[in-house]
Amino acid sequence: MSACSACAGLLRLRDLPQPIHAFQLVHSGLPTSLLEANDGLDGSKLTAEPLARFRPIDVYEVPTLPAVVMQALRVMQDPASDARTVEQVIVHDPAISAKILRVANSAFFGRSRRVGTIADAVRVLGFTNVQGMLISVGAFDAFRTERLNLVDFWRHSIATATAARFLAAALRHPGDEAFMAGLLHDIGKLIFAVQAESSYRHVLELERNSALGSLDAERTLFEFTHPEVGEMVAERWDLPARHIAAIAHHHDPDASGDQYRFCALVGLANRAAHAALDGFVDTLAGDEDTARLRRLGLRPALWDDCLANVLAARPTIEGFVGAIR
């Protein structure tokens, strides 16, 4: 059975009550040339023996967001809800309330007037921005892991959100919606990191020390990639359909159907964040990036403007990361 057909089967079965293994090691042994030609970061070799121990990952054991966060997200989807209604839910968790206010008052949002209450945060920043904060704060707590650096993960996610909001302005698309999609686009990576923490280190090492990209490394060692599992988790969290599409297709927007423009926007933002902060992508727009910009009706020079915007925002990005920790 191919990986794609297996994924389709899981997507059909994901709402059944019994556990379903979302990732399984499908290669009992990988080519020696792939495993042993590249040193690990600590000088050790990647060998087939530890890879054979990769345990399956159960989507139904994925850490859920805190109950207060889930309840607040449901309330915010109700058109009849207002800022005070949202506040009445969130204040039941003082720790989450404090973090939301820290983020709202961080340099990232650049408010000249201090936000003093959750209701003020909702009124001033809007429902979509507060939804993004809730998910970020809740996920940071739910997906804690000691051995992988999740600060880097959130730094990239927030940089992607920043780039997405910049590109959205050029497309006359709601910036808050693009920001939230950028914030959540790699949520599937957290599932790998938490449920197969030691195993996923091999994915990261293969990505760093070989010609494999992140998707190829994931599919080499697992049956699924982070966009595929992220899609399943996003549906469990009942995220909006457009955000689910961006999580699933930010690497392949052509497969997203009528959500192409939004998914391509988030995909470009992802690459811009890597180029600006990590150097993983050439800072010059590649042929694929240029083609997507043109298809979106955007001038290719906007790539340079987007990178400059992310670099200029780096201090405020660090402030956002610090606020959700």
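Within the range 88-116, how many residues are surrounded by 17 or more Cβ atoms within 10 Å (Cβ to Cβ) and farther than 24 Å from ILE158 by Cβ? If you could, list the steps in order and put the result at the bottom.
Keep residues of the range 88-116 that are surrounded by 17 or more Cβ atoms within 10 Å (Cβ to Cβ), which gives 89-90, 93, 96-97, 99-106, 108-109, 115.
If we keep only those that are farther than 24 Å from ILE158 by Cβ as well, we get 89.
Final tally of qualifying residues: 1.
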Subset of the range 173-199 [in a helix (DSSP H, G or I) and farther than 23 Å from ALA161 by Cβ]: GLN195, GLU197, SER198, SER199
Wholly enclosed helices (runs of 4 or more DSSP H) of the range 205-320 bearing at least 2 residues farther than 25 Å from ALA107 by Cα and either in contact with a strand residue (DSSP E or B) (Cβ under 8 Å, 6 or more places away or on another chain) or modelled with pLDDT of 90 or more (or both): 226-236, 241-249, 260-273, 287-295
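The values are calculated or read from the model by the stated rules, or taken from the named source; none is laboratory data. What you see is a predicted model; the values in this text were computed from it and never measured. Please note: Cβ atoms are built from the backbone with ideal geometry, for glycine as well, and neighbour counts cover all protein chains shown.
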